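K.L.:
The structure is given below, and queries will be raised subsequently.
What follows draws every value from the coordinates through simple rules; no lab data is involved. The shown structure was predicted, so the numbers you read here are calculated from the model rather than taken from an experiment. Because the Cβ atoms are built from the backbone with ideal geometry, glycine has one as well, and the counts that use them run over all protein chains shown.
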Amino acid sequence: MSLSELRTKDVVNTMDGKRLGRVMDIEFDPGDGRVEALVVPGEWKVGSLLRGEKCGIVIPWQRICKIGENVILVELEPGDIVDN
């Protein structure tokens, strides 16, 4: 599956049913090239916007439950969601 295919899927948290957005980036392990996490848009902060920084929620690969045809299901507790 390619990044362009992942970007078309909505990411939904199964813990609360909340839609987190669509995949905007992927984090890789530089040593072996494995996918470590998906990144979805986080809350925009004025300071970040002015500096041109992207804000995102990093979802570790272990928290992905299922990648379906239209949706990626993840399992995140409220304390697990950290904006980067």
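K.L.:
Name the residues of region 18-44 whose amide N is less than 14 Å from a point 7 angstrom out from the Cα of Cys65 along the C-beta direction?
P.N.:
18-20
K.L.:
Can you list residues from other chains, or at least 5 along the same chain, whose modelled amide H is less than 5 Å from the amide H of Lys18?
P.N.:
Amide H neighbours of Lys18, under 5 Å, 5+ apart: Asn13.
K.L.:
Given H placed on each backbone N at 1.01 Å, which residues far from Ile57 in sequence or on other chains put an amide H within less than 5 Å of it?
P.N.:
Excluding prolines and chain starts, which carry no amide H, the hits are Val40, Gly42, Asn84.
K.L.:
Sticking with this structure for a sec: For Lys9, which sequence-distant residues (separation of 5 or more, or a different chain) have an amide H within less than 5 Å of its own amide H, given hydrogens modelled in the peptide plane?
P.N.:
Val23
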